[in-house]
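Here the structure is laid out as structure tokens; the discussion comes afterwards.
The values are calculated or read from the model by the stated rules, or taken from the named source; none is laboratory data. Predicted model only: the values in this text are computed from it and were never measured. Please note: Cβ atoms are built from the backbone with ideal geometry, for glycine as well, and neighbour counts cover all protein chains shown. For accessibility, only protein heavy atoms count, side chains too; no ligands or nucleic acids. Shrake-Rupley method; radii C 1.70, N 1.55, O 1.52, S 1.80 Å.
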Protein chains: 2
Amino acid sequence: MAFHALADATRRGILDRLSRGPASVSELARPYSTSLAAIQQHVQVLEASGLVVTEKRGRTRECRISSEAVERVESWLHERRQLWESRIDRLGKLLEGGEFEGETEPWNSAAGGDHR
Amino acid sequence: MAFHALADATRRGILDRLSRGPASVSELARPYSTSLAAIQQHVQVLEASGLVVTEKRGRTRECRISSEAVERVESWLHERRQLWESRIDRLGKLLEGGEFEGETEPWNSAAGGDHR
DNA sequence: CGGATACTTAAGTAACCGCTTGACTTTTTG
DNA sequence: CAAAAAGTCAAGCGGTTACTTAAGTATCCG
């Protein structure tokens, strides 16, 4: 759900603002020309994703970034990139000095190339 | 555009698969019950976002992850988290030993509290 | 050549998303 | 207390998205 929350430019802008410190909903809305209700909905999405935590104080709502949640998303990406890059490394070592192009590729021969 | 690409579970699954090595479109489609056309469309979205690069080889299309693009997304998150966390640190040092709750908060007094 | 394979394109559709408006609640302030 | 301020809720609307099916293109194999 976090990636969906990050998929919207306005929500990324809100997160950007919150990375510089907590804010109320109206304060978050100020840079935008959209209605307050729209921004509140964005905050709801961000809170549902866990990226932002909020707390009602009087008639205002304090919104803060959740660095733990941001870190979880970061890690998801990091793990996959690491996996891929270490694969590249191993491949590099394997091919050390050996040059060949247009050869059979592992991804192509992996699961039944042509005949079923 | 990258976050939008990551917002879909199937596309994240494809990226997951690709982190373990390149694959053809049909190979990517194999774990799913959806049509090949649907998966191809997902690959198109991933390629448009830059997260995946592809190359046509004969009648198959080789799909690979782009670690540079993944790293860019990772960095975007990292920067914001770092900013927020360093803010927390400064605040922690500022409050060292001093306990106060229910006080005026910076986020509330920041830009015109009540009167317009 | 001819059939099979691997995608590619296009059109149609149901569901979802972001936004608006308007009414309503709660809190603060003069 | 009454009015202003801040946020919440709900309905509705237009655009986008993910999916399907069907037809089309390019490549490979015998």
At least 20 Å² of accessible area lost relative to the chain alone, listed for the stretch A:14-32 with a 1.4 Å probe: A:15, A:16, A:19, A:20, A:22, A:27, A:30
Label 7 Å beyond Cα on the Cβ vector: residue A:89 copy-to-copy distances, nm: 2.6
Gain in span if fully extended, residue B:53 to residue B:35, counting 0.36 nm per residue against the direct Cα distance: 4.3 nm
Copies compared at residue A:48 - label distances in nm, ascending, label defined 7 Å from Cα in the Cβ direction: 2.4
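Kindly sort A:4, A:42 by accessible area of their heavy atoms, largest first, with the probe set to 1.4 Å. Working shown, then result.
Working: A:4 90, A:42 35 Å².
Descending order: A:4, A:42.
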Neighbour net charge for residue A:38 - beta-carbon separation under 14 angstrom, K R +1, D E -1: +1
Under 18 Å from the residue B:93 label point (7 Å along Cα→beta-carbon), backbone N, the stretch A:1-39: A:20-21
Assigned charges on the beta-carbon of Lys, Arg, Asp, Glu; the stretch B:2-68 dipole about Cα centre (debye): 220 debye
Residue A:84 - accessible surface, heavy atoms, 1.4 Å probe, Å² rounded to 10: 20 Å²
Other copies of residue B:12: label-to-label distances in nm, shortest first, labels 7 Å along the beta-carbon direction: 1.8
For the pair B and A, total buried accessible area rounded to nearest 100 Å², probe 1.4 Å: 4000 Å²
Rotation relating A and B, chain B residue nearest the axis via C-beta, angstrom: B:7, 2
FRET efficiency estimate (nearest 0.05) - Cβ-Cβ, residue A:85 to residue A:16, R0 25 angstrom: 0.35
